[in-house]
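Visitor: Shown below is the structure under consideration.
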Amino acid sequence: MQAELSRVIEQVSKEKGIDRTIVVGAVESAMLSAAKKIVGPTMHLEAKYNPEVGEVELFKILTVVEEASLGLTGGYLLLNAAARPLEFHCTAPVKASRTQEILYGPTLKPYLYGEQLAETLVSKSKARPIVVLTDCPPVLAARSLIEIPLLLVLDGAAGFEAASGFALAKSRVTTAPAYAGDEQAVLAVWPHEADQFDLREPFDRIRQAIEEAQKGARQAA
């Protein structure tokens, strides 16, 4: 996708005799138009094309909220390099039956968090982000099901050493097992303007949005 978008920009610029910056501006405008159809025309959005990697910089924040009576609800927020929202989606609650708990045993969480929730949310995205970030270790099970690098934000993640992983923005993150190559893949395209970004903060936005959605569902019931 990266090479394809860059190639199209160069091709249109040469064939139509249009200045490259004008073509890039059109690409950014198209991304904004697509995003506004999803999140609404009143929200302030930005898109920035990165010529070094040939794509518009976006990254996705994905988490899972557990509520005793409802079960698990997955949510993701697609952000640009300025941490402004482009897309938000959440799943319907998923609750394992007692039979599933017995049959899946210790593999239940990776199955529910990774295959049932995370993969579904990633597939909903209208744009391809440069990375998916999560704060839920079981979500890493989705890495084998998607083509995008998936990283766990370690700050506060249970069962992980604070010094493990690698630095990204103001946090430390780690790759899914068997996907160590995601580290260099992400660092190579990570936008410099996002270096001061607190990677933990968007997870709170998602949780609050899911809580509001659940509150509205209870009131409507």
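Here, each number is a calculation from the coordinates, and none is a lab measurement. Everything numeric in this text was worked out from a predicted model, so none of it was measured. Heads up, the Cβs are rebuilt from the backbone with ideal geometry, glycines too, and the neighbour counts pull from every protein chain shown.
Visitor: Would you mind putting 73-85, 96-108 in packing order, based on average other-beta-carbon counts within 10 Å, highest first?
Guide: 73-85, 96-108
Visitor: Relative contact order, percent, of the stretch 68-130 when contacts are C-alpha pairs under 8 Å separated by at least 6 residues?
Guide: RCO, the stretch 68-130: 34 percent.
Visitor: Going through the cross-link list K60/K170; K124/K215; K60/K109; K14/K60; K170/K215, which pairs have a Cα-Cα distance over 27 Å in this structure?
Guide: K14/K60; K170/K215
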